[in-house]
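Q: Sharing a structure here in structure tokens format.
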Amino acid sequence: MRKCTHRTAALACALGSLLTGCAVVGPAAVYNGRLAYNEAIINTDNQQMLLLVVRNRYGERSNLLAVASVTANVRVAANAGIEAGVGDSDNYAGNLVPFSAGVIYEENPTISYTPVGGEKYARQLMAPTSITSLAEFSRNLADPAPVFYALVSGVNGIYNPDFLPQSGVPDERFIQIVTNITELARAHRLHWVRDSGRDQHFSIIIDHYWPDYTDKVNNLLTLLGISAPKHRPSRITLPISLALDGKDSGGIGISTRSLFELLEILSSAVELPEQDRAGGAAVSYPSPGMLAKQLRVHYAKTKPSHASVAVKYRGGWFYIDEKDQATKQFFRILTTLLAVNIAESTEGASAAPVLTVPVSR
């Protein structure tokens, strides 16, 4: 009888331990699940975007699915048992397991997707990038130069074309403008400032530039077609407008690219297998401009081991090399803008997603 009492006490202690362990399953589920779900969403977003680029290279339509929600249902069950012998201990010694226990952990996620499309999405895809987006990117990135090459197609009549005519060459003045703006911004002499009371209006303010940066400021103003001030003011204010030219009003007129134009530029940089290049399966593009020359989406017959993002299509693998910083930076800008576009175009849409996938054991 004393042995049974000891076993009962052991069982009670074990059950207490199991129940105590269940109390930490909640935090443990967050640790185990949050990063895994987030990583999966990021990776598939990148793959979906790259597939869109590649299919566009082949002149094919592609759809996007946005992850609307992920609901993970967690179930934890504990069980315990005890076997006790009755009678002479010689009859059951060594044949009984005095105590057994276990915990069952189940996670059954439900993932909801929303298709991306409609008139609002199409309008935003074709519309020029806003000055707000250009300003926010420029003043938050350590190197704003890639943002200008990607988003800006012209400044005060000096153009940065997507593609060059057959006999065309890039305009070196645009490179000089970007170089001057970048160097002044890095030196904290050039600032993007939102106009007071006008949310969508910005100005570039250049201050404390004399004497170290006087030449760069004068060079920038000359390239922009703006007269340098006769006296050396402590601050120069240049209003920004979404226009082909702004020098007549003493400001900067900027024309920007649309998301679809960015998609076309990256699609033109997709490397093709020989049979598709020779057979006419893919779209032909004109000579690349300054931006497209820096970009490359590679092709390989087998899955690459050094890709930042890769997608399988038409029997091979298209990918961006993990060491190709120019293409990775452009791809990051493109996916960020597209994510904002998707969020804005689906805002206020029907709450019921078209596709909900329960994932069971």
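Q: Could you check the simple spin-label distance between Gln47 and Val283, using points 7 Å along Cα→Cβ, in nm with one decimal?
A: Simple spin-label model gives 2.4 nm for this pair.
Q: Over the alpha carbons of segment 201-337, what is the largest minus smallest coordinate on each principal axis, giving the biggest first in Å?
A: Projected onto the principal axes, the Cα atoms of segment 201-337 cover 65, 29, 25 Å.
Q: If neighbour count is taken as other Cβ atoms inside 10 Å, put Trp192, Trp210, Trp317 in order from fewest to most.
A: Trp210, Trp317, Trp192
Q: Which order results if Met290, Met126 are arranged by neighbouring Cβ count within 10 Å, fewest first?
A: Details: Met290 17, Met126 11.
So the residues, fewest neighbours to most, are Met126, Met290.
Q: If you don't mind, there's one more thing I want to ask. Roughly how many nanometres apart are two label points built 7 Å out from the Cα toward the Cβ at Gln275 and Glu136?
A: Label at Gln275, label at Glu136, 4.5 nm between them.
Q: Per 0.36 nm of contour for each residue apart, how much would the distance between Asp195 and Met126 grow if the chain were fully extended, relative to their Cα-Cα spacing?
A: Taking Asp195 through Met126 to full extension adds about 22.2 nm, to one decimal.
Q: While we're on this one: Taking 0.36 nm per residue of separation and subtracting the Cα-Cα distance, what length does fully extending Lys303 through Glu119 add?
A: 62.6 nm
Just so you know, all these numbers are worked out from the coordinates, no wet-lab data involved. Note that the coordinates shown come from a computational prediction; the quantities given were computed from them, not determined experimentally. As a convention, Cβ positions derive from the backbone with ideal geometry for all residues, glycine included, and neighbour counts pool all protein chains shown.
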